[in-house]
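Colleague: Pasting a structure here, questions to come.
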Amino acid sequence: MTAVTYLTRHRRPGIVILCSIVAVLSMLFVLPPAIASAADSGAQAVDECNPTASNGCVNGILQDADKKPIADVTITLSGKATAETKTAADGKWAFSVADDGDYTVTIDASVAKEHGLKASSATVTIRKASFDKQRGVVRFDQAGDSAGSGTSGTSGSTAATQSPVKKDGSNVGKRIWQQLYSGIIFGLMLGLMSVGMNLVYGTTGLQSFSHGEQVTLGGLMAYVGTQMLHMPLIASAIFAIVIGALTGFIQNEIVWGPLRRRHVGTMQQMIVTIGLSMALQYTFQFFFGGDIKGIVKSVPDSFQFGPITTDMPTLVSALIAICVIVGVTLFLYKTRLGRATRAVSDNAALAAASGINVDQVVRVVWILSCAMAALSGVLLGVYLNGISWNTGATLILLMFAAVTLGGLGTANGALIGSLVIGIVADMSSLVIPNDMRYASALAILIIVLLVRPQGIFGKQQRVG
């Protein structure tokens, strides 16, 4: 048997297994929106609401003129559906709605007058076309002078315009700019996740399917910090990053290090990451439940930036993502350890022969990768107003698409690929159903790889 024949016969099963795994995960990735779309229509009062493909949100915090919360006040929702709730101790109230249209939120006029509020009702418009970005935020303390003239705001860049989209070019143009902005923000978040994943691939050759769970872990640890330990958001974010880095160290020492020393192939290691991913997902679900966990309680004030509606937490999250990615790039190019990381990525055997401690480099890469994933989970939780047990799992294929599109093993390529995926995914919802926007991004990946199989940057500019 010739060497060529031997390699051909033994590599084909691995390719078949890899294709099967990707096909199964693709089905799991696509099925949830279809299931969610079958949700019952109507409205219901909930403790917390986060927009999804099947429900929009009408919510707010009832405060008096001095910004103090008002508890145990009845809030009534009417319009396409009706529901009723009472404000919590912190003044929060929320409704989940399944139909698009105009909704009116009302409080008793005597309550409004007693607490110095200017109006007793407010009308918001929720559109089914973009439920996963729709949140009508009602603030009676910022309402108009006459009763019934209440105003509504949007919750950050994740909220699309609440007025009906008219046929005139100005409104269409505004929506295009809003979707482009949202795509860039989402692309930066995705880039923060993907850069770390690509560093691991560059130094070990392993594509980790459990990387999405590291993102989820970061968001959930931030939730623990803010909601359970009552820590400030910044302290909770640092706590989440430390936990993420620690899990990266533990994984490398207990799982990946021993597997490498036993010369276990990357295909077998990748299957281990799939099992680890499933185990972590259901561990998160067991301890945190299946609902969405809000990292912060307050509703940020939105403002207009030209044709774009955004808020300060979104801008700060984007700035943090940019700074971290730039910092990682400088680390790879300007530091001794960074140059050692690039050397290991190019040729581990040659790097070891030249005196580089390969195991130490790989250990640092795992710690850095998981810390970045945890940070991205915190930022994503703030941006999307919540995190759930399977948030990372729903994004894992987009991460793979980003690193493949940019070029496997290239940190900067992962960032560019993430921006392309994020922008295409959000912009495509302008012309196709919202549930299919991720599929459009994956279609772009296929087209690019048909033209340039090595990705945008290929191997000529490897940095990780």
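The values are calculated or read from the model by the stated rules, or taken from the named source; none is laboratory data. Being a predicted model, the structure only gives us computed values, none of them experimental. Here the Cβ positions follow ideal geometry from the backbone for every residue, glycine too, while neighbour counts run over all protein chains shown.
Colleague: Which count do you get for residues in segment 278-313 that are within 21 Å of Val224 (Cα to Cα) and surrounded by 13 or more Cβ atoms within 10 Å (Cβ to Cβ)?
Modeller: Qualifying residue count for the region: 16.
Colleague: Here is a follow-up. Name every residue in segment 80-110 that is more than 29 Å from the chain's Cα centre (by Cα) and in a strand (DSSP E or B), in order of residue number.
Modeller: Within segment 80-110, Ala83, Glu84, Thr85, Lys86, Thr104, Val105, Thr106 meet the criteria.
Colleague: Please return the ranges of helices (runs of 4 or more DSSP H) entirely within segment 338-449 where 3 or more residues are without any contact (Cβ under 8 Å) to a residue 12 or more places away in the chain and surrounded by fewer than 19 Cβ atoms within 10 Å (Cβ to Cβ).
Modeller: Details: elements: 348-353, 358-383, 391-406, 411-428.
Ranges flagged: 348-353.
Colleague: Report yes if some residue within segment 290-308 is in a helix (DSSP H, G or I) and either under 18 Å from Gly202 (Cα atoms) or small (Gly, Ala, Ser) (or both); otherwise report no.
Modeller: Taking segment 290-308 and keeping what is in a helix (DSSP H, G or I), we get none.
No: zero hits.
Colleague: A further question on this structure: Scan Ser317, Ser277, Ser298 and give me the residue that is of a type in the set (Ser, Thr, Tyr) and over 18 Å from the mean Cα position of the chain (by Cα). So that I can check it myself, show each step before the final result.
Modeller: Values: Ser317 fails: over 18 Å from the mean Cα position of the chain (by Cα); Ser277 fails: over 18 Å from the mean Cα position of the chain (by Cα).
Exactly one residue qualifies, and that residue is Ser298.
Colleague: Taking the options Leu430, Leu368, name whichever one is modelled with pLDDT of 90 or more and of a type outside the set (Asp, Glu).
Modeller: On the way: Leu430 fails: modelled with pLDDT of 90 or more.
None of the other options fit; the residue is Leu368.
Colleague: Look through Val420, Val362, Val424 and report the one residue that is within 20 Å of Ile320 (Cα to Cα) and either at pLDDT 90 or above or touching a Gly at 6+ places or on another chain (Cβ under 9 Å) (or both). Show your work before the answer.
Modeller: Values: Val362 fails: within 20 Å of Ile320 (Cα to Cα); Val424 fails: within 20 Å of Ile320 (Cα to Cα).
Step by step, each of Val420, Val362, Val424 is checked, and only Val420 is within 20 Å of Ile320 (Cα to Cα) and either at pLDDT 90 or above or touching a Gly at 6+ places or on another chain (Cβ under 9 Å) (or both).
Colleague: Let me ask you something else. Tell me yes or no: at least one residue of segment 103-118 is under 27 Å from Met436 (Cβ atoms), surrounded by fewer than 17 Cβ atoms within 10 Å (Cβ to Cβ) and at pLDDT below 85. First the steps, then the outcome.
Modeller: Filtering segment 103-118 down to residues under 27 Å from Met436 (Cβ atoms) leaves 103.
Within this subset, residues satisfying the condition of being surrounded by fewer than 17 Cβ atoms within 10 Å (Cβ to Cβ) are none.
Checked against the condition, which is being under 27 Å from Met436 (Cβ atoms), surrounded by fewer than 17 Cβ atoms within 10 Å (Cβ to Cβ) and at pLDDT below 85, segment 103-118 yields no hits at all.
Colleague: For Asp66, work out the one condition from (1) part of a loop (DSSP other than H, G, I, E, B); (2) modelled with pLDDT of 75 or more it doesn't fulfil.
Modeller: Of everything listed in (1) part of a loop (DSSP other than H, G, I, E, B); (2) modelled with pLDDT of 75 or more, Asp66 misses just condition (2).
Colleague: Evaluate the following for Gly265: is it of a type outside the set (S, T, N, Q) and in contact with a Lys or Arg (Cβ under 8 Å, 6 or more places away or on another chain)?
Modeller: For Gly265, the condition - of a type outside the set (S, T, N, Q) and in contact with a Lys or Arg (Cβ under 8 Å, 6 or more places away or on another chain) - is not met.
Colleague: Are any residues in segment 202-225 among the hydroxyl-bearing types (Ser, Thr, Tyr) and within 17 Å of Ile295 (Cα to Cα), and if so, which ones? Before you say what the answer is, go through the steps one by one.
Modeller: Our first condition is that a residue be among the hydroxyl-bearing types (Ser, Thr, Tyr); within segment 202-225, this holds for 203-204, 208, 210, 216, 223.
Within segment 202-225, Thr216, Tyr223 meet the criteria.
Colleague: Inspect segment 237-256 for any residue being more than 19 Å from the chain's Cα centre (by Cα), over 19 Å from Ala321 (Cα atoms) and small (Gly, Ala, Ser) and give the result as yes or no.
Modeller: Checking segment 237-256: at least one residue is more than 19 Å from the chain's Cα centre (by Cα), over 19 Å from Ala321 (Cα atoms) and small (Gly, Ala, Ser).
Colleague: Suppose we filter Gly257, Gly212 for residues that are touching a residue at least 24 places away in the same chain (Cβ under 8 Å) and either surrounded by fewer than 19 Cβ atoms within 10 Å (Cβ to Cβ) or over 19 Å from Val365 (Cα atoms) (or both); which single one remains? Talk me through it step by step, then tell me what you get.
Modeller: Values: Gly212 fails: either surrounded by fewer than 19 Cβ atoms within 10 Å (Cβ to Cβ) or over 19 Å from Val365 (Cα atoms) (or both).
Matching residue, one of Gly257, Gly212: Gly257.
Colleague: Does at least one position in segment 81-95 carry a residue that is modelled with pLDDT under 80, surrounded by 15 or more Cβ atoms within 10 Å (Cβ to Cβ) and farther than 18 Å from Glu48 by Cβ?
Modeller: Looking for residues that are modelled with pLDDT under 80, surrounded by 15 or more Cβ atoms within 10 Å (Cβ to Cβ) and farther than 18 Å from Glu48 by Cβ, one finds none in segment 81-95, hence no.
Colleague: In this structure, is Leu246 at pLDDT 95 or above, farther than 20 Å from Ala348 by Cα and of a type outside the set (Gly, Ala, Ser)? Before you say what the answer is, go through the steps one by one.
Modeller: Values: at pLDDT 95 or above: yes; farther than 20 Å from Ala348 by Cα: yes; of a type outside the set (Gly, Ala, Ser): yes.
So Leu246 passes the test.
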